[in-house]
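Here's the structure, in C-alpha coordinates; my notes come after.
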Amino acid sequence: MPTDSPSPGGFPTTRLRRLRHNPQMRELTREVRLSPAQLIYPLFVRSGRGVRQEISSMPGVFQLSLDELEKEVREVQRLGLGGVLLFGIPDRKDAVGSDACCDEGIIQQALRLVKRVAPRLFTVTDVCFCEYTDHGHCGVLDDSTGRTDVNNDATLALLGKQAVSHARAGADMVAPSGMMDGMVGAIRRALDEAKFAHLPIMAYSAKYAGGFYGPFREAAESTPKSGDRRSYQMDSAADPAQAVRETALDIAEGADIVMVKPALAYLDIIARVRDAFPGVPIAAYNVSGEYSMVKAAAARGWIDERAAATEIVTGIVRAGATIVITYWAKDLAGWLKS
Ligand code: PBG
(Lines give C-alpha, C1' and ligand atoms only; values in the text may rest on other atoms or scores of the structure.)
Protein backbone atom coordinates (compact mmCIF):
# COMPACT_ATOMS: atom_id res chain seq x y z
CA MET A 1 0.00 0.00 0.00
CA PRO A 2 1.47 3.36 -1.00
CA THR A 3 2.40 5.28 2.07
CA ASP A 4 0.94 8.56 0.81
CA SER A 5 -2.65 7.20 0.48
CA PRO A 6 -4.64 7.98 3.57
CA SER A 7 -5.84 5.00 5.56
CA PRO A 8 -9.65 5.00 5.60
CA GLY A 9 -10.85 7.01 8.50
CA GLY A 10 -7.38 8.23 9.33
CA PHE A 11 -5.55 11.53 8.99
CA PRO A 12 -5.80 13.67 6.90
CA THR A 13 -9.34 12.58 5.90
CA THR A 14 -10.26 12.63 9.54
CA ARG A 15 -9.47 15.71 11.53
CA LEU A 16 -11.12 15.67 14.92
CA ARG A 17 -10.26 19.32 15.39
CA ARG A 18 -13.15 20.08 12.97
CA LEU A 19 -15.42 19.09 15.85
CA ARG A 20 -13.90 21.83 17.97
CA HIS A 21 -13.18 24.45 15.34
CA ASN A 22 -15.65 27.03 16.63
CA PRO A 23 -17.99 27.51 19.59
CA GLN A 24 -21.06 26.59 17.56
CA MET A 25 -19.61 23.21 16.62
CA ARG A 26 -18.50 22.54 20.18
CA GLU A 27 -21.93 23.45 21.49
CA LEU A 28 -23.69 21.37 18.81
CA THR A 29 -21.75 18.23 19.60
CA ARG A 30 -21.93 18.34 23.38
CA GLU A 31 -23.06 15.19 25.11
CA VAL A 32 -23.20 16.52 28.67
CA ARG A 33 -25.41 19.54 29.22
CA LEU A 34 -25.68 20.67 32.79
CA SER A 35 -29.00 22.02 33.93
CA PRO A 36 -30.01 23.68 37.22
CA ALA A 37 -32.86 21.14 37.36
CA GLN A 38 -30.42 18.31 38.07
CA LEU A 39 -28.64 20.10 40.92
CA ILE A 40 -29.50 19.81 44.60
CA TYR A 41 -28.33 22.50 47.01
CA PRO A 42 -27.49 21.52 50.62
CA LEU A 43 -28.64 23.89 53.38
CA PHE A 44 -27.78 23.96 57.10
CA VAL A 45 -30.52 25.09 59.44
CA ARG A 46 -30.32 26.08 63.10
CA SER A 47 -32.43 27.93 65.64
CA GLY A 48 -32.24 31.64 66.41
CA ARG A 49 -32.99 34.83 64.49
CA GLY A 50 -30.88 36.63 61.93
CA VAL A 51 -28.25 33.91 62.04
CA ARG A 52 -26.20 33.70 58.86
CA GLN A 53 -23.01 32.13 60.08
CA GLU A 54 -20.42 31.39 57.42
CA ILE A 55 -18.58 28.07 57.69
CA SER A 56 -14.90 29.02 57.91
CA SER A 57 -13.80 26.02 55.86
CA MET A 58 -16.58 26.50 53.28
CA PRO A 59 -16.67 30.12 52.09
CA GLY A 60 -20.11 30.92 50.67
CA VAL A 61 -21.87 28.26 52.78
CA PHE A 62 -23.79 29.30 55.89
CA GLN A 63 -25.67 27.98 58.88
CA LEU A 64 -29.04 29.73 58.66
CA SER A 65 -31.75 30.45 61.18
CA LEU A 66 -35.31 29.96 59.96
CA ASP A 67 -35.85 33.62 58.98
CA GLU A 68 -32.67 33.55 56.89
CA LEU A 69 -33.66 30.19 55.44
CA GLU A 70 -36.86 31.82 54.24
CA LYS A 71 -34.92 34.34 52.10
CA GLU A 72 -32.62 31.64 50.86
CA VAL A 73 -35.31 29.24 49.66
CA ARG A 74 -37.23 31.99 47.88
CA GLU A 75 -34.08 32.68 45.89
CA VAL A 76 -33.36 29.00 45.28
CA GLN A 77 -36.89 28.45 43.99
CA ARG A 78 -36.40 31.30 41.50
CA LEU A 79 -33.16 29.73 40.21
CA GLY A 80 -34.97 26.56 39.15
CA LEU A 81 -32.72 24.16 41.03
CA GLY A 82 -33.74 20.52 41.33
CA GLY A 83 -34.15 20.86 45.06
CA VAL A 84 -32.58 21.49 48.42
CA LEU A 85 -31.12 18.97 50.85
CA LEU A 86 -31.76 20.04 54.42
CA PHE A 87 -29.49 19.38 57.39
CA GLY A 88 -30.53 20.40 60.90
CA ILE A 89 -28.38 21.52 63.80
CA PRO A 90 -30.42 21.04 66.96
CA ASP A 91 -30.12 23.12 70.14
CA ARG A 92 -29.88 20.02 72.27
CA LYS A 93 -28.10 16.79 71.51
CA ASP A 94 -28.50 13.54 73.45
CA ALA A 95 -27.45 9.91 73.24
CA VAL A 96 -30.24 8.89 70.87
CA GLY A 97 -30.61 12.11 68.87
CA SER A 98 -34.18 12.84 70.04
CA ASP A 99 -34.52 16.14 68.17
CA ALA A 100 -34.27 14.27 64.86
CA CYS A 101 -37.56 12.43 65.44
CA CYS A 102 -39.44 15.26 67.14
CA ASP A 103 -42.27 16.91 65.20
CA GLU A 104 -41.11 20.23 66.67
CA GLY A 105 -37.45 19.55 65.83
CA ILE A 106 -35.35 21.99 63.84
CA ILE A 107 -35.66 20.15 60.54
CA GLN A 108 -39.42 19.70 60.91
CA GLN A 109 -39.81 23.45 61.53
CA ALA A 110 -37.63 24.16 58.51
CA LEU A 111 -39.70 21.85 56.31
CA ARG A 112 -42.98 23.50 57.24
CA LEU A 113 -41.45 26.91 56.54
CA VAL A 114 -40.08 25.88 53.14
CA LYS A 115 -43.41 24.38 52.10
CA ARG A 116 -45.11 27.62 53.06
CA VAL A 117 -42.78 30.14 51.42
CA ALA A 118 -41.48 28.13 48.44
CA PRO A 119 -44.14 25.50 47.73
CA ARG A 120 -42.67 24.52 44.35
CA LEU A 121 -39.23 23.83 45.79
CA PHE A 122 -38.44 20.11 46.07
CA THR A 123 -37.23 19.39 49.58
CA VAL A 124 -35.03 16.46 50.50
CA THR A 125 -33.95 15.67 54.04
CA ASP A 126 -30.84 13.89 55.21
CA VAL A 127 -32.02 11.08 57.47
CA CYS A 128 -29.23 10.36 59.93
CA PHE A 129 -28.34 10.91 63.59
CA CYS A 130 -24.82 12.33 63.60
CA GLU A 131 -25.98 15.96 63.87
CA TYR A 132 -28.36 15.06 66.70
CA THR A 133 -26.38 12.75 68.98
CA ASP A 134 -24.07 14.04 71.70
CA HIS A 135 -21.43 11.47 70.66
CA GLY A 136 -21.66 12.43 66.97
CA HIS A 137 -22.17 8.93 65.56
CA CYS A 138 -24.85 8.10 63.00
CA GLY A 139 -26.97 5.94 65.30
CA VAL A 140 -27.33 4.72 68.88
CA LEU A 141 -24.21 3.32 70.49
CA ASP A 142 -23.70 -0.17 71.71
CA ASP A 143 -21.06 -0.80 74.34
CA SER A 144 -21.84 -4.50 74.76
CA THR A 145 -19.23 -5.38 72.15
CA GLY A 146 -16.53 -3.99 74.43
CA ARG A 147 -15.84 -1.13 72.03
CA THR A 148 -17.97 1.81 71.07
CA ASP A 149 -19.93 0.86 68.00
CA VAL A 150 -23.21 1.85 66.42
CA ASN A 151 -25.96 -0.66 67.13
CA ASN A 152 -27.32 -1.32 63.66
CA ASP A 153 -30.70 -2.84 64.44
CA ALA A 154 -31.57 -0.50 67.30
CA THR A 155 -30.86 2.41 64.96
CA LEU A 156 -33.23 1.10 62.26
CA ALA A 157 -36.39 1.68 64.29
CA LEU A 158 -35.31 5.25 65.01
CA LEU A 159 -34.53 5.90 61.35
CA GLY A 160 -38.09 4.87 60.49
CA LYS A 161 -39.45 7.30 63.08
CA GLN A 162 -37.24 10.11 61.81
CA ALA A 163 -38.27 9.59 58.19
CA VAL A 164 -41.98 9.55 59.04
CA SER A 165 -41.58 12.74 61.06
CA HIS A 166 -39.89 14.42 58.06
CA ALA A 167 -42.66 13.18 55.78
CA ARG A 168 -45.35 14.59 58.07
CA ALA A 169 -43.58 17.96 58.13
CA GLY A 170 -43.60 18.10 54.31
CA ALA A 171 -40.42 16.46 52.96
CA ASP A 172 -40.73 15.51 49.28
CA MET A 173 -38.02 12.86 49.55
CA VAL A 174 -35.91 11.35 52.33
CA ALA A 175 -32.23 10.52 52.00
CA PRO A 176 -30.84 8.09 54.58
CA SER A 177 -27.08 8.58 54.90
CA GLY A 178 -25.99 6.46 57.85
CA MET A 179 -24.92 3.29 55.98
CA MET A 180 -26.80 1.03 58.41
CA ASP A 181 -27.60 -2.41 56.99
CA GLY A 182 -31.31 -2.63 56.22
CA MET A 183 -31.92 1.11 56.59
CA VAL A 184 -33.75 1.54 53.31
CA GLY A 185 -36.12 -1.35 54.01
CA ALA A 186 -36.83 -0.13 57.54
CA ILE A 187 -37.62 3.37 56.29
CA ARG A 188 -39.73 2.08 53.40
CA ARG A 189 -41.85 -0.02 55.76
CA ALA A 190 -42.26 2.82 58.24
CA LEU A 191 -43.29 5.27 55.49
CA ASP A 192 -45.73 2.78 53.96
CA GLU A 193 -47.35 2.10 57.31
CA ALA A 194 -47.74 5.84 57.91
CA LYS A 195 -49.46 6.22 54.51
CA PHE A 196 -46.48 7.72 52.74
CA ALA A 197 -46.13 4.95 50.15
CA HIS A 198 -45.74 7.61 47.44
CA LEU A 199 -42.73 9.27 49.12
CA PRO A 200 -39.44 8.41 47.40
CA ILE A 201 -36.18 7.38 49.07
CA MET A 202 -32.80 8.54 47.78
CA ALA A 203 -30.35 6.20 49.48
CA TYR A 204 -26.74 7.05 50.17
CA SER A 205 -25.92 3.55 48.90
CA ALA A 206 -22.17 3.67 48.32
CA LYS A 207 -20.91 6.10 50.90
CA TYR A 208 -17.22 5.94 51.66
CA ALA A 209 -15.38 6.87 54.85
CA GLY A 210 -12.54 9.29 54.41
CA GLY A 211 -11.11 12.74 54.60
CA PHE A 212 -13.48 14.68 52.36
CA TYR A 213 -16.25 15.30 54.92
CA GLY A 214 -14.18 17.46 57.27
CA PRO A 215 -15.64 20.87 56.33
CA PHE A 216 -19.19 19.48 56.40
CA ARG A 217 -18.70 18.35 59.98
CA GLU A 218 -17.85 21.92 60.88
CA ALA A 219 -21.02 23.07 59.12
CA ALA A 220 -23.27 20.40 60.65
CA GLU A 221 -21.41 20.22 63.97
CA SER A 222 -21.34 16.45 63.60
CA THR A 223 -17.75 15.38 64.21
CA PRO A 224 -17.68 12.14 66.22
CA LYS A 225 -16.44 12.77 69.79
CA SER A 226 -14.42 9.59 69.62
CA GLY A 227 -13.55 7.04 66.99
CA ASP A 228 -14.52 7.35 63.35
CA ARG A 229 -17.15 6.05 60.94
CA ARG A 230 -15.14 3.21 59.44
CA SER A 231 -17.33 0.48 60.92
CA TYR A 232 -20.32 1.67 58.87
CA GLN A 233 -19.13 3.79 55.93
CA MET A 234 -17.32 1.93 53.16
CA ASP A 235 -13.58 1.40 52.83
CA SER A 236 -12.20 3.29 49.83
CA ALA A 237 -9.76 0.50 49.10
CA ALA A 238 -12.37 -2.28 49.17
CA ASP A 239 -13.25 -4.18 46.01
CA PRO A 240 -15.36 -1.74 43.96
CA ALA A 241 -17.84 -4.56 43.38
CA GLN A 242 -18.84 -4.07 47.04
CA ALA A 243 -20.41 -0.76 45.99
CA VAL A 244 -22.54 -2.73 43.52
CA ARG A 245 -23.61 -5.14 46.29
CA GLU A 246 -24.52 -2.25 48.61
CA THR A 247 -26.50 -0.59 45.84
CA ALA A 248 -28.28 -3.81 44.83
CA LEU A 249 -29.43 -4.32 48.42
CA ASP A 250 -30.75 -0.76 48.65
CA ILE A 251 -32.67 -1.14 45.39
CA ALA A 252 -34.13 -4.44 46.59
CA GLU A 253 -35.20 -2.72 49.83
CA GLY A 254 -36.98 0.00 47.88
CA ALA A 255 -34.52 2.78 47.06
CA ASP A 256 -35.82 4.92 44.20
CA ILE A 257 -32.60 6.84 43.62
CA VAL A 258 -29.17 5.61 44.65
CA MET A 259 -26.20 7.73 45.59
CA VAL A 260 -22.45 7.53 45.38
CA LYS A 261 -20.50 9.70 47.81
CA PRO A 262 -18.01 11.38 47.68
CA ALA A 263 -17.94 12.00 43.93
CA LEU A 264 -14.52 13.10 42.73
CA ALA A 265 -12.38 10.24 44.02
CA TYR A 266 -15.18 7.77 43.17
CA LEU A 267 -15.99 8.47 39.52
CA ASP A 268 -15.24 4.82 38.74
CA ILE A 269 -17.87 3.79 41.27
CA ILE A 270 -20.45 6.10 39.67
CA ALA A 271 -19.71 4.57 36.25
CA ARG A 272 -19.90 1.05 37.62
CA VAL A 273 -23.19 1.59 39.42
CA ARG A 274 -24.54 3.22 36.26
CA ASP A 275 -23.63 0.13 34.20
CA ALA A 276 -24.90 -2.31 36.81
CA PHE A 277 -28.36 -0.78 37.25
CA PRO A 278 -29.71 0.65 34.02
CA GLY A 279 -32.82 2.69 34.63
CA VAL A 280 -32.02 3.55 38.24
CA PRO A 281 -31.33 7.28 38.63
CA ILE A 282 -27.97 7.92 40.23
CA ALA A 283 -27.10 10.86 42.43
CA ALA A 284 -23.57 11.82 43.35
CA TYR A 285 -22.60 14.02 46.28
CA ASN A 286 -19.91 16.54 45.37
CA VAL A 287 -18.94 16.79 49.03
CA SER A 288 -17.63 19.56 51.24
CA GLY A 289 -13.92 18.70 50.92
CA GLU A 290 -14.19 18.75 47.14
CA TYR A 291 -15.68 22.23 47.35
CA SER A 292 -13.26 23.57 49.94
CA MET A 293 -10.18 22.49 48.02
CA VAL A 294 -11.20 24.55 45.02
CA LYS A 295 -12.32 27.49 47.19
CA ALA A 296 -8.99 27.56 49.02
CA ALA A 297 -6.97 27.43 45.82
CA ALA A 298 -9.19 30.04 44.15
CA ALA A 299 -8.81 32.40 47.12
CA ARG A 300 -5.06 32.31 46.51
CA GLY A 301 -5.52 32.94 42.82
CA TRP A 302 -4.15 29.50 42.01
CA ILE A 303 -7.20 28.17 40.24
CA ASP A 304 -10.22 29.61 38.43
CA GLU A 305 -13.21 28.61 40.54
CA ARG A 306 -15.84 28.80 37.83
CA ALA A 307 -13.80 26.76 35.35
CA ALA A 308 -12.79 24.14 37.92
CA ALA A 309 -16.26 23.78 39.44
CA THR A 310 -17.94 23.47 36.05
CA GLU A 311 -15.39 20.86 34.98
CA ILE A 312 -15.84 18.88 38.21
CA VAL A 313 -19.63 18.76 37.97
CA THR A 314 -19.45 17.97 34.24
CA GLY A 315 -17.12 15.08 35.04
CA ILE A 316 -19.50 13.73 37.66
CA VAL A 317 -22.38 13.79 35.17
CA ARG A 318 -20.22 12.30 32.41
CA ALA A 319 -19.33 9.44 34.76
CA GLY A 320 -23.04 8.61 34.99
CA ALA A 321 -24.73 10.72 37.63
CA THR A 322 -28.14 12.14 36.74
CA ILE A 323 -28.34 14.25 39.88
CA VAL A 324 -25.51 16.15 41.54
CA ILE A 325 -25.69 17.44 45.10
CA THR A 326 -23.32 20.36 45.18
CA TYR A 327 -22.51 23.51 47.15
CA TRP A 328 -21.99 25.17 43.74
CA ALA A 329 -25.63 24.63 42.72
CA LYS A 330 -26.59 28.30 43.00
CA ASP A 331 -23.38 29.51 41.35
CA LEU A 332 -23.79 27.00 38.55
CA ALA A 333 -27.36 28.10 37.90
CA GLY A 334 -26.02 31.62 37.38
CA TRP A 335 -23.00 30.52 35.32
CA LEU A 336 -25.13 28.32 33.07
CA LYS A 337 -27.31 31.32 32.22
CA SER A 338 -24.46 33.63 31.26
C1 PBG B 1 -24.17 12.29 57.47
C2 PBG B 1 -23.69 13.08 56.31
C3 PBG B 1 -22.39 13.52 56.08
C4 PBG B 1 -22.41 14.22 54.87
C5 PBG B 1 -23.71 14.19 54.40
N6 PBG B 1 -24.49 13.45 55.29
C7 PBG B 1 -21.17 13.47 56.91
C8 PBG B 1 -20.59 12.26 57.44
O9 PBG B 1 -20.86 11.15 57.03
O10 PBG B 1 -19.82 12.47 58.37
C11 PBG B 1 -21.20 14.85 54.23
C12 PBG B 1 -21.44 15.84 53.16
C13 PBG B 1 -20.26 16.66 52.81
O14 PBG B 1 -19.11 16.40 53.21
O15 PBG B 1 -20.48 17.63 52.06
N16 PBG B 1 -25.34 12.79 58.02
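The values are calculated or read from the model by the stated rules, or taken from the named source; none is laboratory data. Keep in mind that what you see is a predicted model, and the values were worked out from it rather than measured. When we count neighbours, we look across all protein chains shown, and the Cβ atoms used for this are built from the backbone with ideal geometry, even at glycine. The accessibility values were calculated without ligands, DNA or RNA, using every heavy atom of the protein model including side chains. Shrake-Rupley method; radii C 1.70, N 1.55, O 1.52, S 1.80 Å.
If you filter the stretch 183-203 down to residues that are out of contact with any Asp or Glu (no Cβ under 7 Å at 6 or more places or on another chain) and closer than 23 Å to Ser231 by Cβ, you find that the one that is farthest from the ligand (Cβ to nearest atom) is Ala186. Taking the stretch 171-191 as the range and being of a type in the set (D, E, K, R) and part of a loop (DSSP other than H, G, I, E, B) as the test, the residues that pass are Asp172, Asp181. Of the strands (runs of 3 or more DSSP E) lying entirely inside the stretch 1-72, those carrying at least 2 residues that are open to solvent by 80 Å² or more (accessible area, probe 1.4 Å) and either out of contact with any Asp or Glu (no Cβ under 6 Å at 6 or more places or on another chain) or without any contact (Cβ under 8 Å) to a residue 40 or more places away in the chain (or both) are 52-55.
Considering the stretch 276-296, the residues that are out of contact with any helix residue (DSSP H, G or I) (no Cβ under 8 Å at 6 or more places or on another chain) and aliphatic (A, V, I, L, M) include one that is least open to solvent (accessible area, probe 1.4 Å), namely Ala283.
Of the set (1) within 17 Å of Ile187 (Cβ to Cβ); (2) charged (D, E, K, R); (3) touching a Leu at 6+ places or on another chain (Cβ under 7 Å), all apply to Glu72 but (1). If the condition is being in a helix (DSSP H, G or I), open to solvent by 10 Å² or more (accessible area, probe 1.4 Å) and within 15 Å of the ligand (Cβ to nearest atom), then the stretch 73-100 contributes only Asp99.
Selection within the stretch 204-230: residues that are touching an Asp or Glu at 6+ places or on another chain (Cβ under 6 Å) and of a type in the set (Ser, Thr, Tyr). The member of this set that is nearest to the ligand (Cβ to nearest atom) is Ser222. Residues that are part of a helix (DSSP H, G or I), touching a residue at least 24 places away in the same chain (Cβ under 8 Å) and away from the ligand (no atom under 12 Å from the Cβ) within the stretch 276-304 comprise Ala276, Lys295, Ala299, listed in sequence order. If you check Gly185 against the conditions, is it without any contact (Cβ under 8 Å) to a residue 60 or more places away in the chain, closer than 24 Å to Leu249 by Cβ and open to solvent by less than 20 Å² (accessible area, probe 1.4 Å)? No, not satisfied. Residues in the stretch 305-333 that are surrounded by fewer than 22 Cβ atoms within 10 Å (Cβ to Cβ) and either within 14 Å of the ligand (Cβ to nearest atom) or not hydrophobic (A, V, I, L, M, F, W, C) (or both): Glu305, Arg306, Thr310, Glu311, Ile312, Thr314, Gly315, Arg318, Gly320, Thr322, Lys330, Asp331. When every residue of the stretch 126-136 is checked against the conditions, at least one turns out to be within 16 Å of the ligand (Cβ to nearest atom), of a type in the set (Gly, Ala, Ser), in contact (Cβ under 8 Å) with a residue 24 or more places away in the chain and open to solvent by less than 50 Å² (accessible area, probe 1.4 Å).
Residues that are touching a helix residue (DSSP H, G or I) at 6+ places or on another chain (Cβ under 7 Å) and open to solvent by 50 Å² or more (accessible area, probe 1.4 Å) within the stretch 198-224 comprise Gly211, Phe212, Thr223, listed in sequence order.
Please verify whether the stretch 252-265 includes one or more residues that are open to solvent by less than 30 Å² (accessible area, probe 1.4 Å), of a type in the set (Val, Ile, Thr) and in a loop (DSSP other than H, G, I, E, B). For the stretch 252-265, residues open to solvent by less than 30 Å² (accessible area, probe 1.4 Å), of a type in the set (Val, Ile, Thr) and in a loop (DSSP other than H, G, I, E, B): absent.
Looking only at residues in the stretch 101-124 that are outside any loop (DSSP other than H, G, I, E, B) and out of contact with any Gly (no Cβ under 8 Å at 6 or more places or on another chain), which one is nearest to Gly48 (Cα to Cα)? Step by step, filter the stretch 101-124, then rank; the result is Gln109. Can you tell me how many residues in the stretch 216-256 are in contact with a Ser or Thr (Cβ under 8 Å, 6 or more places away or on another chain) and under 24 Å from Tyr291 (Cα atoms)? Total satisfying the criteria: 5. Could you check, for the stretch 237-251, whether at least one of its residues is open to solvent by less than 20 Å² (accessible area, probe 1.4 Å), under 17 Å from the mean Cα position of the chain (by Cα) and closer than 18 Å to Leu85 by Cβ? Yes, the stretch 237-251 has at least one match.
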